[in-house]
Amino acid sequence: MSLARQLLRTKPTERIVAEGGHGVGGDLRRTMSLWQLTLFSVGATLGTGIFVILGQAVPKAGPAVVLAFVLAAITALFSALSYAELAGTIPVSGSSYSYAYATMGELVAWICGWCLMLEYAVSVAAVSVGWGEYLNAFLQSLFGWHLPDAITRSPGQDGGVVNLTAILIVLLATWLLLRGASESATANAVFVLIKIAVLLFFCLVAFTGFTAGNFTPFAPMGIAGVTAAASQVFFSYIGFDAASTAGEEAKNPARDLPRAIVLSLAIVTVIYVLVAVAAVGAMPWTEFDPEHTEASLSLIADLATGSTWAGLIVSFGAVIAIASVVLTVMYGQTRILFAMSRDGLVPRIFQRVNPRRQVPVANTLIVTAFIAVLAGLIPLGQLAEATSIGTLFAFAIVNAGVLILRYRRPDLPRSFRTPLFPATPVLGVIFCFLVMAGLAGVTWVAFGLWMLAGLICYFLYGYRHSRLNAEVPS
């Protein structure tokens, strides 16, 4: 078999599903219900985005930012429907990595998994750094405390030595993950319900100061402003695919994974639109400051009530929101590495399962160490923006995978079928590349360097240890 055919050799779907849940030393435990899976995706999606990005998007679109959130949701929906079909057809932990292995072959699967490693590790480190900043602001508002810069900033920043607050939230998430998937899902459910309650509280408070005149004119920047804002707020929808990484710990994955993905996107969209309407109704869009967005919701809550207690509750919600994102995204990364290790593409230690806890302990600890170093010692800066391009690339692969698998294996049992096929996945691919095209040049450079590093790692280790390639006669 030629090198090209080996690199593009697909793994049979039935084999991927049959291997699901099995690791070295034990199996993963199926404990997660539809409710828990849905909240996992909501937990990964509903994070810092709505607390920060709304303040950045309003000046671009004016009151039509509400329409921008709807447009971004429609864009995300194309990919969400494709994820739902493949998650129901291939219900394993590898998410888009496993879907690519079944449809486009090993090299594309590796590239997809490599993109997800970038997305998950750097995004967790970035939001962990943000958690320290929100925690500091919350403590200062509540008690007048201000944590020293030496433990809340990275080396190279003003007064920074090591960002201990960022490391702290990573360690807290690790402790929950090591207790088991069911315990992690329960903790996440509590976090998610708290932050949904806080955002609904914000809406109630903001609506007390609602002024209909704030929506006139509705689209002062025209269609161009709406589309520019939609491109920006699209990234606050990233995370709906988190449930697909729990395919081997779901009680009924073929039925529940598609439902969880679509349901989580619907929940998040309703919340985003409500918050956007309440925020613009309570404060004229011209007063939103794009340079100081971190506390925009807190400021609006304070203005609506004429006091600081409401803003304090919203700040608390931001702290909880980020904690939930750290937990769910770290979970997703460990499960994708688990699937890649089972295929031989990364070292065997990543698929070792603790027989008592039934979780990949060594995998989780290695991921924790890597993320803690990133979060505590490295100012991430624009590197964090590279997570967006990796995510969009993975989304495009999933949309293309639906097209390929429908063509090659029309006989496969599918618990969910993407509606309006083939238009939906085709539009999903197009929209992903349109949003990618609008990203900054430095982001493309970072992405290219990361891909180069990934190809080197694959040919030095993954290709040599691939279990699928080991079966190919030389």
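None of the figures in this text is laboratory data; all of them are computed from the coordinates on show. Since the structure is predicted, the reported quantities are computational estimates derived from the model, not experimental observations. Please note: Cβ atoms are built from the backbone with ideal geometry, for glycine as well, and neighbour counts cover all protein chains shown.
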Quiz prompt | Angle in degrees between helix 65-89 and the longest Cα principal axis of the chain, rounded to the nearest 10 | solution = 20
Quiz item: Between the helical axis of 253-282 and the dominant principal axis of the chain, each derived from Cα atoms, what acute angle in degrees is found, rounded to the nearest 10?
Solution: 20
Quiz item: Which residue, chosen from A229, A125, I397, occupies the Cα position most advanced towards the positive end of the dipole of the chain, where the dipole is computed from +1 (Lys, Arg) and -1 (Asp, Glu) charges on Cβ about the Cα centre?
Solution: I397
Practice problem: Return the loop-located chymotrypsin sites (Phe, Trp or Tyr not before Pro) in segment 135-241 (DSSP other than H, G, I, E, B) with at most 16 other Cβ atoms within 10 Å of their own Cβ; answer none if there are none. | Solution: W145, F210, F218
Quiz item: Amide H to amide H, which residues 5 or more places from M32 or on other chains are under 5 Å from it, using H placed in the peptide plane?
Solution: A250, K251
Quiz item: Using Cα atoms only, what is the angle between the long axis of helix 106-143 and the major principal axis of the chain, expressed in degrees (0 to 90) to the nearest 10?
Solution: 30
Quiz item: Where does the longest stretch of the chain lie that holds no GluC sites (Glu not before Pro) found in a DSSP loop with 16 or fewer other Cβ atoms within 10 Å?
Solution: 1-290
Quiz prompt | For the chain: Kirkwood Rh in Å [reciprocal of mean 1/r, alpha carbons] | solution = 22.6
Quiz item: Distance from the Cα centre of segment 242-286 to that of segment 131-192, in angstrom?
Solution: 24
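Please arrange F395, F316 by counting, for each residue, the other beta carbons lying within 10 Å of its beta carbon, fewest first. Each step should come with its number before you reach the end.
Values: F395 28, F316 19.
Lowest count first: F316, F395.
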Quiz item: Out of residues 5 or more away from G23 or on other chains, whose amide H comes under 5 Å of its own, with H placed 1.01 Å from N in the peptide plane?
Solution: L28
Self-check item: Nearest-20 debye value, the chain charge dipole, Cβ charges on Lys, Arg, Asp, Glu
Solution: 1660
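At 222 nm, what value in deg cm²/dmol follows for the chain if DSSP H runs of at least 4 each add -39500 (n - 2.57) and the sum is divided by all its residues, to the nearest 500? If you can, show how the numbers build up before the last one.
Working: 19 runs with 318 residues, N = 474.
It lands at -22500 deg cm²/dmol.
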Self-check item: Leading residue at positive end of dipole, segment 1-154 (Cβ point charges), from L7, G47, T75
Solution: L7
Quiz item: Residue by residue through segment 408-425, which ³J(HN,Hα) values in whole Hz follow from phi under the Karplus form 6.51 cos²θ - 1.76 cosθ + 1.60 (θ = phi - 60°), with glycine and proline marked x?
Solution: 7, 10, x, 7, 4, x, 10, 6, 8, 10, 4, x, 6, 5, x, 4, 4, x
Quiz item: What order do you get for H22, H465 when you list them from fewest to most C-beta neighbours inside 10 Å?
Solution: H22, H465
Self-check item: Relative contact order of the chain, defined on C-alpha pairs under 8 angstrom at six or more residues apart (%)
Solution: 33
Practice problem: Using amide H atoms built 1.01 Å from N in the peptide plane, name the residues 5+ places from V346, or on other chains, whose amide H lies under 5 Å from its own. | Solution: S341
Quiz item: Using a simple charge model, +1 on the beta-carbon of Lys and Arg, -1 on the beta-carbon of Asp and Glu, nothing else, what dipole does segment 102-187 show about its Cα centre, in debye to the nearest 20?
Solution: 140
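Among M436, M340, rank each residue by its count of other Cβ atoms within 10 Å, from fewest to most, as a rough exposure measure. Intermediate results must be reported in sequence, preceding the final value.
Working: M436 18, M340 26.
Ascending Cβ contact count within 10 Å gives the list M436, M340.
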Self-check item: Size of charge dipole - segment 149-275 - debye, nearest 20, with Cβ of Lys, Arg +1 and Asp, Glu -1, no other charges
Solution: 240
